[in-house]
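Comments concern the structure below.
Only the coordinates and a few stated rules stand behind these numbers; no lab work does. Small disclaimer: the values here were computed from a predicted structure and weren't measured. Positions of Cβ are backbone-derived with ideal geometry, glycine not excepted, and every protein chain shown enters the neighbour counts.
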Amino acid sequence: MKKIISVIFFCIGCIVLYFVAQHLITTRVVPPLNEFIASSTPMIASSTSSSFFPSMKVVTIHASSSEIYAVVADTDASRAQGLSGIVTLPDKNGMLFTFSNPGMYGFWMKDMNIPLDMVWIDDAKKVISISENVEPKTFPKSFYPASPASYVLEINAHSAQKFGIATGTILSF
């Protein structure tokens, strides 16, 4: 009889715990498990274009016959975060840093896990400079464009050449 009562109390406790957890998640007192995990571990990008930063705008960049899906970093906070912490970046994905005024914006590989191509773009959307295959181990070295840039595109290492992006290439986005 004690075993039956124990099982009944255990089941009731599980049901109550389930509903309390649902209430706490629904009222945002605690985040859902997927958000908690995402905020406390390095991000692993999946095959969808906006999965590694789901709340940010994504722009399609047309380069030659290729399309690149880039998350837009247009605030100080998003530009400071950049791709730091990303463990993998899907092919044809990247991050487009936008600036309100052209400048000699330097980039480094702080907290990076993957090598990148950095593509500096002027306000006419012409590629003005490329730093290829920049390794995480280059930190704290900074990389700069040859002339003032309004945009910087970060993509997987060797992707600039693969997508036909070279100095002088006009991109559309």
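Between A166 and F99, what is the spin-label point distance in nm, taking each point 7 Å from the Cα along the Cα→C-beta axis?
Distance between the two pseudo-spin positions: 2.6 nm.
Can you list the trypsin sites (Lys or Arg not before Pro) in the stretch 78-129 that are in a DSSP coil and have 15 or fewer other beta carbons within 10 angstrom?
Counting only loop positions with at most 15 other Cβ atoms within 10 Å, the trypsin sites (Lys or Arg not before Pro) in the stretch 78-129 are K110, K125.
Explain nothing, just the number: relative contact order of the stretch 42-162, from Cα pairs under 8 Å at least 6 residues apart, as a whole percent.
24
Within a Cβ distance under 11 Å of M109, other residues only, what is the Lys/Arg minus Asp/Glu net charge?
Around M109, the charge tally is 0.
Rounded, prolate or oblate: which fits the stretch 57-173 when a ≥ b ≥ c are the square roots of the eigenvalues of the alpha-carbon gyration tensor, with rounded for a/c under 1.5 and prolate only if a/b beats b/c? Please report the intermediate quantities before stating the final value.
Details: a/c = 1.30, a/b = 1.15, b/c = 1.13.
Note, shape of the stretch 57-173 comes out rounded.
Say each of F10 and A80 gets a label point 7 Å from the Cα, pointing the same way as Cα to Cβ; how far apart are those two points in nm?
Placing both labels 7 Å beyond Cα along the Cβ direction yields 5.0 nm.
Count the net charge of all other residues whose Cβ sits under 11 Å from the Cβ of N93, scoring Lys and Arg as +1 and Asp and Glu as -1.
-2
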